[in-house]
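Reviewing the structure listed below.
The values are calculated or read from the model by the stated rules, or taken from the named source; none is laboratory data. For clarity, every value in this text was computed on a predicted model and none was experimentally measured. When we count neighbours, we look across all protein chains shown, and the Cβ atoms used for this are built from the backbone with ideal geometry, even at glycine. Ligands, DNA and RNA are excluded from the accessible area calculation, which covers all protein heavy atoms including side chains. Shrake-Rupley method; radii C 1.70, N 1.55, O 1.52, S 1.80 Å.
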Amino acid sequence: MKLTKDIIKKHGLEPEEFKNIKKLLKREPNLLELGIFSAMWNEHCSYKSSKIHLKKLPTTGKQVIQGPGENAGVIDIGDNDAIVFKIESHNHPSYIEPYQGAATGVGGILRDVFTMGARPIALLNSIHFGSPNHSKTKSLLNGVVSGIGGYGNCIGIPTVGGETKFDETYNENILVNAMAVGHVKKNKIFYSKAKGLNKSVVYVGSKTGRDGIHGASMASAEFDENSEDKKPTVQVGDPFTEKLLMEACLELMKDNSIISIQDMGAAGLTSSSVEMASKGELGIELELDKVPCREENMSPYEMMLSESQERMLIILEEGKELHAKKIFDKWDLDFVIIGKTTNTNNLTLKFNNKIEGEIPIEALATKAPLYDRAWVKKKPVKSKINLKDLKKIKIEDALFKILSSPNHSNKSWVTNQYDQSVMCDTVQKSGSDAAVIRIHNKDKAIAVSVDSSANYCKSHPNSGGKQIVCENWRNLITVGAKPLAITNCLNFGNPENKEIMGEFAECLDGIKEACEFLNYPVVSGNVSFYNGTNKKNIFPTPVIGGVGLIKNLTKPLNHNFKKDKSKLLLIGKTFGHLGQSCFLKENYSLKVGVPPEINLLNEKNNGESLLELIDNNLVLSSHDVSSGGLITAISEMAMSSSFGAKIYKPKKLTNLYEYFFGEDQARYIIEIEAINLPKVEKILKDRDIFFENIGFTQKEYFEIEGELKISTKELYEINNKWYNNY
């Protein structure tokens, strides 16, 4: 077949890239080889526009066993225990086919974790939808939530946390980011690096079909008015087969049969074979007529580019083939030796004893394009916010507007569709700042949380990048966990647009700065570019998934008020920053100003001081102050308990709206026993931490001195109204 300009363009390759392919091959590729280059050189697999910037991120530390570059990151939590975790996007497929897109996103991230030898113990997600009034939002919400729940529930992994947000920026391009967390013994971690010559390359799992062909390429391009035509590129998942595959792999991993193992994820058999060979500096020869197919007359092109789910590629030690086959036969899964490792450093593809394709491995991996795309720095518009120019609103009404908004309403409609307790180690479910998972049969636990803040990142990308790392850090600290490491899912628009590329570069600078200062390294992640339709790009939406360690789990700490007449302290200084605030957005439909300043020294000192208080059993409940400000945080603490609070009117900051709705960072509300107030004050003063005594807990009512008095029951009803009526 003659490769025309149209065929090359449909494969997502630029003319200059095609020229480079011909140089590397010293000839013109055939269609199969073109498809393989298309898969490995697209944005989703090669990170060609982001790699230069990703290299800035801190990825090492004494707690890091494996950083970026493997299927998932691995951190040390002591006692020969390690945690494996990663977050990835499945945005485009979920917009086209919400149920299967979300379901296969969950399936793919689970395979990334158990291919490292870890048993998955938790799932989380960050899902973003368009305006609730948009014609597609309701069906997309229903489909995505059903897909996440359907897959996770069937495979038996608890979905313990996440976030669900709405904004018109996602009207034509929703975000579905799935995170998986697993537990493994440090001496049983598996990697994807191929080793040895003439070792068996084994295909295991489901059969290969025509679903998902060009899925990775589709994820590396903007949508247009014909996005519905791309539905055939969305994979179809089978959670029951995934469960069998997971158990079979984990059983085989108990001995020393496996040399390397790789999930067939984006770009399927192509990416798995190339990545294994590239890391091992070897060649791989595949006999494609041996690939188990579920459809007739599949071509080598279709086999190599299919993204059918629930498949793995394994390289076995010599003589272990029969032993391994017995295990996969027991679990009723395909097990076929489809090739071998070679010393050619080529990907050699045979079909019916004829070589159909031969490509140097380095041409697909290390020789992939690397772009330093042009970008411009964001010029923030410092809109002066004068509350006197806005229509006057009662504090009570402003609070009600926030609590009843889609982004702050109770999300139990969503979370109730997820099994959060399966496996019996979920100590704290979604609804608090972080979920808590016990390490099985031990007194220690991990805390996990995911966070994002697109409006901050759009207004001032550097501050937004720092802020979202810090918020994630705070969410782990409030439940008593020491933050250890993060994974990130970087959702942005078209990188060929220099403004979008600038948002990406500046956000990463902010993430880098915060991670370095807080000793909070990035161990895994994913970049998702081209999130937009018809040249309209989403707001920059980096999602941070964090993991922290609770060494001694006595009882879970959450933000529910625990007792009557407890003292309430606010750690951290309040300046009353309303730029890009929830107060302005929900009450005046304004997205103006810049985000609050991020003082990393305060973040570190305030957080570590709170951890000291928690470790000394001086804290009854704690909650970070973020979106919606102090008044929203106190309301959340009251609604989730049987107690309210009485808050003193501030003496220094005269504007009550700035004080109660301002979104200044590095702040926490803590509830303490009155008898412990002197101890707590001493620790905070000794550490030079700013704090205020803001009030006390009481029965039934949330009250601000001289301003409002609302029953906690009424707060709860207001907070639960939106989803019930949507």
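Details
- Within the option set Gly319, Gly357, being among the small types (Gly, Ala, Ser) and either assigned to a strand (DSSP E or B) or surrounded by 17 or more Cβ atoms within 10 Å (Cβ to Cβ) (or both) holds for one residue only, Gly357.
- Odd one out for Leu197, checked against (1) in a helix (DSSP H, G or I); (2) modelled with pLDDT of 80 or more: (1)
- Test for Ser711: is it among the small types (Gly, Ala, Ser) and under 27 Å from the mean Cα position of the chain (by Cα): no
- So Ile7, is it among the β-branched types (Val, Ile, Thr), in a helix (DSSP H, G or I), open to solvent by 30 Å² or more (accessible area, probe 1.4 Å) and farther than 28 Å from Phe492 by Cβ: yes
- If you go through the range 429-443 and keep only what is part of a loop (DSSP other than H, G, I, E, B) and either β-branched (Val, Ile, Thr) or in contact (Cβ under 8 Å) with a residue 12 or more places away in the chain (or both), you end up with Lys429, Gly431, Asp433, Ala434, Ile439, His440, Lys442, Asp443.
- From the list Ile87, Ile96, Ile83, Ile65, the lone residue that is of a type outside the set (Asp, Glu), out of contact with any Phe, Trp or Tyr (no Cβ under 9 Å at 6 or more places or on another chain) and under 30 Å from Lys138 (Cα atoms) is Ile87.
- Boolean, Thr104 is hydroxyl-bearing (Ser, Thr, Tyr), surrounded by 24 or more Cβ atoms within 10 Å (Cβ to Cβ) and not in a loop (DSSP other than H, G, I, E, B): yes
- The set of residues from the range 107-123 being crowded, with 24+ Cβ neighbours inside 10 Å and part of a strand (DSSP E or B) comprises Pro120, Ile121, Ala122, Leu123.
- Flag for Lys721 being farther than 26 Å from Val479 by Cβ, out of contact with any strand residue (DSSP E or B) (no Cβ under 7 Å at 6 or more places or on another chain) and charged (D, E, K, R): yes
- Residue match in the range 399-416 (condition: assigned to a helix (DSSP H, G or I), of a type in the set (Val, Ile, Thr) and touching a His at 6+ places or on another chain (Cβ under 7 Å)): yes
- Here Lys392 clears all of (1) part of a loop (DSSP other than H, G, I, E, B); (2) touching a residue at least 24 places away in the same chain (Cβ under 8 Å); (3) at negative phi except the condition numbered (2).
- Of residues in the range 488-542 being open to solvent by 30 Å² or more (accessible area, probe 1.4 Å) and hydrophobic (A, V, I, L, M, F, W, C), the one farthest from Gln66 (Cα to Cα): Phe539
- Selection within the range 83-101 - among the aliphatic types (A, V, I, L, M) and either over 17 Å from Tyr418 (Cβ atoms) or open to solvent by 20 Å² or more (accessible area, probe 1.4 Å) (or both): Ile83, Val84, Ile96
- Search result, residues across the range 643-692 that are outside any helix (DSSP H, G or I), of a type in the set (Phe, Trp, Tyr) and open to solvent by 30 Å² or more (accessible area, probe 1.4 Å): Phe643, Tyr648, Phe690, Phe691
- Residue count for the range 468-489 satisfying the condition of being assigned to a helix (DSSP H, G or I) and touching a strand residue (DSSP E or B) at 6+ places or on another chain (Cβ under 9 Å): 9.
- Only listed residue being touching a residue at least 40 places away in the same chain (Cβ under 8 Å), assigned to a helix (DSSP H, G or I) and either of a type in the set (Phe, Trp, Tyr) or open to solvent by 40 Å² or more (accessible area, probe 1.4 Å) (or both), chosen from Ile21, Ile65, Ile52, Ile36: Ile52
- Test: residue in the range 330-349 that is part of a helix (DSSP H, G or I) and farther than 30 Å from Leu54 by Cβ: yes
- Search result, residues across the range 106-132 that are of a type outside the set (Phe, Trp, Tyr), in contact with a helix residue (DSSP H, G or I) (Cβ under 9 Å, 6 or more places away or on another chain) and under 23 Å from Glu168 (Cα atoms): Asn125, Ile127, His128, Gly130, Ser131, Pro132
- All positions within the range 322-340 that are surrounded by fewer than 16 Cβ atoms within 10 Å (Cβ to Cβ) and without any contact (Cβ under 8 Å) to a residue 40 or more places away in the chain: Leu322, Lys326, Asp329
- Looking across the range 236-285, just one residue is among the charged types (D, E, K, R), part of a helix (DSSP H, G or I) and in contact with an Asp or Glu (Cβ under 8 Å, 6 or more places away or on another chain), and that is Glu242.
- Residue match in the range 276-285 (condition: open to solvent by 40 Å² or more (accessible area, probe 1.4 Å), modelled with pLDDT of 95 or more and out of contact with any Leu (no Cβ under 8 Å at 6 or more places or on another chain)): yes
- Among the conditions (1) over 31 Å from the mean Cα position of the chain (by Cα); (2) closer than 22 Å to Ala434 by Cα; (3) modelled with pLDDT under 95, Phe643 misses just one, which is (3).
- Lys442 satisfies every condition listed in (1) among the basic types (Lys, Arg); (2) crowded, with 24+ Cβ neighbours inside 10 Å; (3) farther than 28 Å from Val594 by Cα except (2).
- Cβ-Cβ under 9 Å pairs, at least 6 apart or on other chains, the range 354-376 side touching a residue at least 24 places away in the same chain (Cβ under 8 Å) and over 27 Å from Glu499 (Cα atoms), far side open to solvent by 50 Å² or more (accessible area, probe 1.4 Å) and basic (Lys, Arg): Glu356/Lys350; Gly357/Lys350; Pro360/Lys367; Ala365/Lys279
- Options Asn343, Asn256, Asn297: the member that is surrounded by fewer than 21 Cβ atoms within 10 Å (Cβ to Cβ) and under 17 Å from Phe114 (Cα atoms): Asn256
- Pairs linking a residue in the range 680-691 that is aromatic (Phe, Trp, Tyr) to a residue that is open to solvent by less than 40 Å² (accessible area, probe 1.4 Å), with Cβ atoms under 8 Å and 6 or more positions apart or on different chains, are Phe690/Ile571; Phe690/Gly572; Phe691/Leu569; Phe691/Leu570; Phe691/Ile571; Phe691/Gly572; Phe691/Leu684.
- Members of the range 547-593 that are open to solvent by 20 Å² or more (accessible area, probe 1.4 Å), among the aromatic types (Phe, Trp, Tyr) and either in contact with a strand residue (DSSP E or B) (Cβ under 7 Å, 6 or more places away or on another chain) or part of a helix (DSSP H, G or I) (or both): Tyr588
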